[in-house]
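Presented below is the structure to which this report refers.
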Amino acid sequence: MAFGEYIVYVDESGDHSLESIDPQYPVFVLSFCIFRKVSYAERVVPEIQKFKFAHFGHDSVVLHEHAIRRQLQPFIFLKSEEKRAVFMQQLNAIVEAAPMTIIAAVIRKDALVQRYSRPNNPYAIALLFCIERLFAFLRSANASGATHIVVECRGKKEDAALELEFRRIRDGANRWGRLDGLELVFADKKSNLAGLQLADLTARPIGLHVLRPEQNNRAYQIIEKKFHRSPDGSADGWGFKVFP
């Protein structure tokens, strides 16, 4: 099968355990960031590299939302309010300008265990929602060829479980039937992929919006504009799904 014109990068926020639910963050978020390969290679990657050169002098730094938020190395310079303001303004501008479409699922783990006596794994639920909507997006775009879905390695056991669940969904356990053309790719945690870093930057702001919609959330305001939408402009159920 020929390669398709789209590439998808995936990241998560929160853990998918139902045994110990953090009351401060009782959600699991999965974010699919979809790019046309041409736009990704010609616009997204160069912009992120230029950003890294400007702030670090090299492009080996991985932009990680947790480290940025906590101002951990190599982001310790963000403790300076002035430097942090410039950094965040430029980073937000990159995300805002990025030619990507987002499909995200948020699983409210606290509500899940209250509603179901034997709930399914939150990752599996979110993955199903996102893959179904990704397929709908690709179909509406008349896309053909293989579409690779890139995820970060999490561990041998976790990766094996994810691949098994992905194949189960792709081979027919979904609303559409068999989804030929979707392929899962595992990227090493040390991989410096711009797409994975953008996906990482989107996941937590989406989760925070669901938990505290009244709270000011500049990142979500940018992300919200990029959700895949229905013909009448609605993101609910198309590019954004909260369950239950």
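The values are calculated or read from the model by the stated rules, or taken from the named source; none is laboratory data. Keep in mind it's a predicted model, so treat the numbers as computed, not measured. Because the Cβ atoms are built from the backbone with ideal geometry, glycine has one as well, and the counts that use them run over all protein chains shown.
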Original post:
For the subset of region 1-31 comprising residues that are touching a Gly at 6+ places or on another chain (Cβ under 7 Å) and hydrophobic (A, V, I, L, M, F, W, C), which member is nearest to residue 206 (Cα to Cα)?
Top reply: 29
**OP:** Provide a single number: the residues in region 147-192 that are of a type in the set (A, V, I, L, M), within 17 Å of residue 3 (Cα to Cα) and crowded, with 16+ Cβ neighbours inside 10 Å.
**Re:** 5
Original post:
Do you know which residues across region 7-22 are charged (D, E, K, R) and either surrounded by 17 or more Cβ atoms within 10 Å (Cβ to Cβ) or in contact (Cβ under 8 Å) with a residue 60 or more places away in the chain (or both)?
Top reply: 11, 12
**OP:** Could you tell me whether residue 106 is aliphatic (A, V, I, L, M), under 18 Å from the mean Cα position of the chain (by Cα) and closer than 22 Å to residue 189 by Cα?
**Re:** no
**OP:** Just need a number here: residues in region 160-187 that are within 18 Å of residue 17 (Cβ to Cβ) and within 17 Å of the chain's Cα centre (by Cα).
**Re:** 1
Original post:
Hey, residue 16 hits all of (1) modelled with pLDDT of 95 or more; (2) touching a helix residue (DSSP H, G or I) at 6+ places or on another chain (Cβ under 8 Å); (3) within 29 Å of residue 162 (Cα to Cα); (4) not small (Gly, Ala, Ser) but one; which does it fall short on?
Top reply: (1)
Original post:
Any residue at all in region 112-126 that is touching an Asp or Glu at 6+ places or on another chain (Cβ under 7 Å) and either over 16 Å from residue 35 (Cβ atoms) or surrounded by 18 or more Cβ atoms within 10 Å (Cβ to Cβ) (or both)?
Top reply: yes
**OP:** Spot the failing condition for residue 76; the list is (1) surrounded by fewer than 13 Cβ atoms within 10 Å (Cβ to Cβ); (2) within 20 Å of the chain's Cα centre (by Cα), and only one is missed.
**Re:** (2)
Original post:
Which of the residues spanning region 89-103 are surrounded by fewer than 16 Cβ atoms within 10 Å (Cβ to Cβ) and either at pLDDT below 95 or within 19 Å of the chain's Cα centre (by Cα) (or both)?
Top reply: 92, 93, 96, 97, 99
**OP:** Take the residues in region 10-61 that are polar (S, T, N, Q) and assigned to a loop (DSSP other than H, G, I, E, B), then tell me which one is nearest to residue 139 (Cα to Cα).
**Re:** 17
Subject >> From the options 149, 169, residue that is out of contact with any Cys (no Cβ under 8 Å at 6 or more places or on another chain), β-branched (Val, Ile, Thr) and not in a strand (DSSP E or B) >> reply: 169
Original post:
Quick one: in region 129-146, which of the residues that are among the aromatic types (Phe, Trp, Tyr) and either assigned to a strand (DSSP E or B) or touching a residue at least 60 places away in the same chain (Cβ under 8 Å) (or both) is surrounded by the most Cβ atoms within 10 Å (Cβ to Cβ)?
Top reply: 129
Original post:
Are any residues in region 51-71 under 22 Å from the mean Cα position of the chain (by Cα), exposed (fewer than 14 other Cβ atoms within 10 Å of the Cβ) and either closer than 26 Å to residue 207 by Cβ or aliphatic (A, V, I, L, M) (or both), and if so, which ones?
Top reply: 66, 69, 70, 71
